[in-house]
1. Please count how many residues of the range 1-46 are in a helix (DSSP H, G or I), farther than 26 Å from Met65 by Cβ and either among the acidic types (Asp, Glu) or touching a residue at least 40 places away in the same chain (Cβ under 8 Å) (or both).
2. Looking at (1) under 30 Å from Leu86 (Cα atoms); (2) at pLDDT 95 or above, find the lone condition where Glu38 falls short.
Amino acid sequence: MSAPEIPDRTQEEALTDLLESIALEETALAHILNAEGEKIQAIAQMMEDGDIDPEDAIEQQEAVMRMLRMPIKKQMLLQFKLEDVLDFKEELEFNNDNDNDNDND
């Protein structure tokens, strides 16, 4: 198996790629949360209609709760990633501004 080809990127392009990846992951997490919300609504409707007994409803709710742990953890990691990218972007812009100022002297 050969190694993947990594395209040549400037630092700015790499930062843009990272921001896009964060946005895509956020979208995926939103879909997961939406699906779990629909499960909760379905369980509530089944309870209202008498189609599920309370023990099964609690079991289903606990399954949803366990599933929601993953997106919450992932959200925290994405927040750290976003903060790092924004910090690096700010540092890069500062260095570019200083380089431009030195060129003008």
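1. Number of matching residues: 8.
2. Single failed check for Glu38: (1).
The values are calculated or read from the model by the stated rules, or taken from the named source; none is laboratory data. What you are looking at is a predicted structure, and each value in this text was computed from that prediction instead of being measured. Cβ coordinates were reconstructed from backbone atoms using ideal geometry, including for glycine residues, and neighbour counts include every protein chain displayed.
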